[in-house]
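To keep things clear, I will list the structure first and then write my remarks on it.
What follows draws every value from the coordinates through simple rules; no lab data is involved. Everything numeric here is computed off the predicted structure, so don't read it as measured data. Cβ placement follows ideal geometry from the backbone for every residue including glycine, while neighbour counts extend to all protein chains displayed.
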Amino acid sequence: MKRNITILTLMLIFISVQLGVAQKRKTSELDSLKKQVLELSKQVKQLTKQKAEDDLNQLLQEANQVASKPAESKNELKEFRSGQRSLQAINPEISVTGDAFLQEVVNKNGFSERQRSGTYFRVLGIHFQSNLDPFSLAKVALEVTPEGIELGEAYATWTDVVKNFSLTAGKFRQQFGVINRWHAHSLDQFDFPLALTTILGEEGLNQIGFSIDWLMPPLLATTNTLTIQITNGQNAHLFNNKAFGFPVVLGHLKNFYDINPNTYIELGITAMAGYNNFRGYNENGILIKEPDRLTKLGGIDLTYFWEPVNRAHYHSFVWRSELYYADKEEPLHQHIKAMGGYSYIEYKLNERWQAGFRYDVTQPFIFENRHQTIYQLVPYLTWWQSHWVRFRLQYNYKNGNTFTAADRLLRLQLTWAMGPHKHERY
């Protein structure tokens, strides 16, 4: 019995010793593993820090390389790669306008010296416009009539030569007042005022040269614009119709007054002068030197325009007036002096209908016209079928102390337009 107890006791001691050794070995292994984990964690942190530093250094090197090549960057910015069709991008904008009318001469026998009843096609206007580059644009207007093709206008404009200055060069309708600048199909009435065609000529002032426009600092007005035009004297009515009639000088000062959000007033003053004598060799090769003869012109224009804000499509009112004066020196120191003007009002009744009335008065452009006058009454009614099609009914009653009988005309006008610049005035 004692022997058995002794053996059992020895076994328990052995087992306890083994367990203590195993526990000690396990603790040692855990400490070793913990130490390895800590070492690995330290290495990972070092590697992460080194990788971040390497990436940052690489980015700095790439940035320095880009910054060291400014010339290449500028060249890349100048390349135009819009992806558009190149031919479409350089094509000009083309607009076409037709102007036809039905005319009834109300005089006895249905005709006058220059007018007969019937249907007429006045003009087919073909207009080209294009931006040549970021600094200039060009416009060309061809007028096709039953008699042939005529160049109406052809000019280029530099919009910002110097700050607030623009330059135009070519053939253009001149800025004498307001109406002379407009094309016939875009007039508020069927025809140009009688004073304009009598004093400035049937076609008005349309010559070759250049024009400088200066947007001036405001002088007692909201804006002031000064236009100086120097052209050849190609208007045979006023000048010598020759290229050597250069220079003919025109100055126009436009004063714009913004009264309120609905109303503005525009006041213009025009002065013009040029020689009309012949200088040079004639058709027979003979040198002719006529004494200098000067043609002087002056004009004043006034426009009052009212258009209610947010109702511009339905109502507006315009009152426009111009006065012209011409003094043309002829041989033997004789002078043709004439004065005339017009005034008209127009009211927009609604989105499609407009009604107006114009009064013309002028002296004939002849010698000894002091007591001679011609006047004209012009009521009219305009209906816009759309932005592209317009009908106008107009009655002209012309009389004066130079007429033996009144000249009366009734016209129904049709104008239509296609293209981006519908019924453009100029």
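Using Cβ counts within 10 Å as a stand-in for footprinting exposure, how do Tyr325, Tyr380, Tyr257 rank, fewest first? Can you show the working numbers first?
Numbers: Tyr325 17, Tyr380 21, Tyr257 14.
Ascending Cβ contact count within 10 Å gives the list Tyr257, Tyr325, Tyr380.
Going by amide H atoms built from the backbone, whose H comes under 5 Å of the H on Tyr324, apart from near neighbours?
Gly340, Gly341
For every other residue with a beta carbon closer than 11 angstrom to the beta carbon of His237, add +1 if it is Lys or Arg and -1 if Asp or Glu, then tell me the sum. Display every interim value, and only then the final one.
Values: positive: Lys328; negative: Glu202, Glu203.
Combined, the nearby Lys, Arg, Asp and Glu give -1.
If I stretch the segment between Lys42 and Gln61 completely, what's the gain in nm (0.36 nm per residue apart, minus their alpha carbon distance), one decimal?
3.9 nm
Give me the number: length gained by fully extending Leu167 to Phe135, i.e. 0.36 nm times residue separation minus the C-alpha to C-alpha distance, one decimal in nm.
Working: separation 32, 0.36 × 32 = 11.52 nm, distance 1.09 nm.
In short, 10.4 nm is gained.
Hey, fewest Cβ within 10 Å first, where do Leu219, Leu167 land in order?
Values: Leu219 10, Leu167 16.
With the fewest neighbours first, Leu219, Leu167 line up as Leu219, Leu167.
Using the Cβ atoms and a cut-off under 12 Å, what net charge is assigned to the surroundings of Pro331, where Lys and Arg are +1 and Asp and Glu are -1? Before the final figure, lay out the partial values.
Working: positive: Arg293, Lys328; negative: Glu290, Asp292, Glu329, Glu330.
Result for the local shell: -2.
Full-extension gain between Trp306 and Asn107, please, as 0.36 nm times their residue separation minus the C-alpha to C-alpha distance.
In short, 67.9 nm is gained.
Say each of Tyr347 and Ala406 gets a label point 7 Å from the Cα, pointing the same way as Cα to Cβ; how far apart are those two points in nm?
Label-label distance for Tyr347 and Ala406, simple model: 2.3 nm.
Under a Cβ-Cβ cut-off of 14 Å, what is the net charge of the residues other than Val106 that fall near it, where Lys and Arg count +1 and Asp and Glu count -1? Let's see the in-between values first.
Values: positive: Lys108, Arg116, Lys398, Arg408, Arg411; negative: Glu104, Asp407.
Result for the neighbourhood of Val106: +3.
At 7 Å along Cα-to-Cβ for each site, give me the label-to-label distance between Ala100 and His387 in nm.
About 2.5 nm separates the two model spin labels.
Return Leu102, Leu33, Leu297 ranked ascending by Cβ neighbour count within 10 Å, so the fewest neighbours appear first. All intermediate terms of the calculation are to be shown ahead of the outcome.
Details: Leu102 14, Leu33 10, Leu297 21.
Fewest to most other Cβ atoms nearby, the residues stand as Leu33, Leu102, Leu297.
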